[in-house]
Amino acid sequence: MEKKKKVNVDVFEDDAKETSKKEAQKDLNRLEAELKVLKEENEKIFKEKEELNTKYLLSLAEQKNYKKRIDEENERFYKYATFDLCKEIIHVLDTFDLALQKEQSLDEMKAYFKGFEMTRSQLINCLNKEGVIEIETLGKEFDPNYMISIGQMEDKEKADQEVLKVFMKGYMYKDRVLRPASVIINQINDSCESEAKEE
């Protein structure tokens, strides 16, 4: 009898072990499935984080570029804010220059001319403060970047393309040409030059 009991207990223990193995396997499978889901969710969150980070960096770069562009536009605006005003004022200077070229015969006229000269000087000082300077042209070589040729003369004692006369003065506004100078340049005739070389 005792032997039968022992056999029954062994069978029961074997069944219990088998059941616990199955339950453990089920638990393991469930945990693996949960782990797989968590890994997928983690990867998804990581990708979303990377995408958001990239979008943030692009947005930050765009914002910096926009600010830089606005700052450059503002700088250009303030730098050249009085460009048109200066352009108008130099026409007033032209009128003064024409008036001052007249011959002074009477004492009263000399007093008027003195007043013109003082007013012109004040205008020039105002323009200089704004960055307007006269382009030096007389006796210089013709430069199409700063001058316009309105005529030609021939003077064999001067260099070819040298500015002989200034019809209208040119002015620079900071680093821009406010108005090019209108000039008459020396144009030495090629035939005269070749004759002089032959002699």
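A few notes on this one:
- Filtering the range 109-128 for residues that are touching a residue at least 60 places away in the same chain (Cβ under 8 Å), closer than 14 Å to Leu178 by Cβ, in a helix (DSSP H, G or I) and in the same structural domain as Asp175 (by TED's automatic domain parsing) leaves an empty set.
- When each of Glu154, Glu108, Glu103 is tested for being surrounded by fewer than 16 Cβ atoms within 10 Å (Cβ to Cβ) and modelled with pLDDT of 80 or more, the lone residue that passes is Glu154.
- Assessment of the range 144-165 against the conditions (in a loop (DSSP other than H, G, I, E, B), out of contact with any Leu (no Cβ under 9 Å at 6 or more places or on another chain) and of a type in the set (S, T, N, Q)) yields at least one matching residue.
- The range 176-199, subset at pLDDT 90 or above and not in a strand (DSSP E or B), residue farthest from Gly139 (Cα to Cα): Pro180
- Enumeration of residues in the range 159-189 that are touching a residue at least 60 places away in the same chain (Cβ under 8 Å) and out of contact with any helix residue (DSSP H, G or I) (no Cβ under 8 Å at 6 or more places or on another chain): none
The values are calculated or read from the model by the stated rules, or taken from the named source; none is laboratory data. Not measured: the values here are computed from a predicted model. Here Cβ is always computed from backbone atoms with ideal geometry, including for glycine, and neighbour counts include all displayed protein chains.
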